[in-house]
């Protein structure tokens, strides 16, 4: 594992061009045949949510060769979707989605998993990060099982001049580590987190913060029925943000129609 100081000595190879129009993106990956946990429905719901609440953003889909071609034909019709074929099979695509921020015209990237939703709680945290421009990166640990320093699908960052995530991954592959929770999170923990944590804004619940971080506890009572990164196995219900409250939050709002898809808090030091 490299320290931040050691990583600072690495000469990254892709210069940053300043004369292009920049975009903000949510980055996902898909691989394998259709699966009710990921696509087509789950990712289409996320495309709808992002188009509704982040209308100026793009959805980058890092796509393996074995993704259903009928789905690809359908999803390319959406104006906020950009397809990035990886040419790679399997879970390596979970790392490929991290490289969106390396693209010259991407100024902000939010990495998310296809099996969870960009719901009100996630949107609140993202907007807090966007408002607090002094932070380079954003990390969420919401559930008690979010024990990794960086969850593969719950982080994001602004472009940092000279930092290329793909170059960090090449360093990782020279001496890979295994933290027991997948290559994507092992890479993030040992190579990306040391570089980002000092200027990261962390949102957390269940005491999932690390000493020294700039961390903000979610100002809503935690409920296991809805947390950032939750894998939604039943019909998804989107709800508006509740008021800040110590009382139990209730989720009674009607879910949005899937048919639509087709037609500042004080920081703790």
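Structure data summary
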| quantity | calculated |
| --- | --- |
| Test result for residue 176, more than 30 Å from residue 242 (Cα to Cα) and assigned to a helix (DSSP H, G or I) | no |
| Only one of 60, 53, 48 that is in contact with a helix residue (DSSP H, G or I) (Cβ under 6 Å, 6 or more places away or on another chain), crowded, with 19+ Cβ neighbours inside 10 Å and more than 25 Å from residue 166 (Cα to Cα) | 48 |
| Residue within segment 31-40 that is touching a helix residue (DSSP H, G or I) at 6+ places or on another chain (Cβ under 7 Å), within 25 Å of residue 203 (Cα to Cα), crowded, with 18+ Cβ neighbours inside 10 Å and modelled with pLDDT of 95 or more present | no |
| Close pairs from segment 35-48: first under 13 Å from residue 153 (Cβ atoms), partner assigned to a helix (DSSP H, G or I), Cβ under 9 Å, at least 6 apart | 43/71; 43/75 |
| Criterion (surrounded by 15 or more Cβ atoms within 10 Å (Cβ to Cβ), under 19 Å from residue 95 (Cα atoms) and touching a strand residue (DSSP E or B) at 6+ places or on another chain (Cβ under 6 Å)) met by exactly one of 157, 151 | 157 |
| Enumeration of residues in segment 212-238 that are assigned to a strand (DSSP E or B) and either touching a helix residue (DSSP H, G or I) at 6+ places or on another chain (Cβ under 8 Å) or farther than 30 Å from residue 35 by Cα (or both) | 214, 215, 216, 217, 220, 226 |
| Within segment 170-199, considering residues that are closer than 15 Å to residue 92 by Cβ and crowded, with 19+ Cβ neighbours inside 10 Å, the one farthest from the chain's Cα centre (by Cα) | 172 |
| Some residue of segment 82-105 being farther than 29 Å from residue 33 by Cα, at pLDDT 95 or above and touching a strand residue (DSSP E or B) at 6+ places or on another chain (Cβ under 6 Å) | yes |
| Residue in segment 122-142 that is assigned to a loop (DSSP other than H, G, I, E, B) and either buried (at least 23 other Cβ atoms within 10 Å of the Cβ) or at pLDDT below 95 (or both) present | yes |
| Flag for residue 230 being surrounded by 13 or more Cβ atoms within 10 Å (Cβ to Cβ), at pLDDT 80 or above and touching a strand residue (DSSP E or B) at 6+ places or on another chain (Cβ under 9 Å) | no |
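The values are calculated or read from the model by the stated rules, or taken from the named source; none is laboratory data. Just so it is clear, the structure is predicted and the values come from calculations on it, not from any experiment. Glycine gets a Cβ as well: all are built from the backbone with ideal geometry, and neighbour counts include every protein chain shown.
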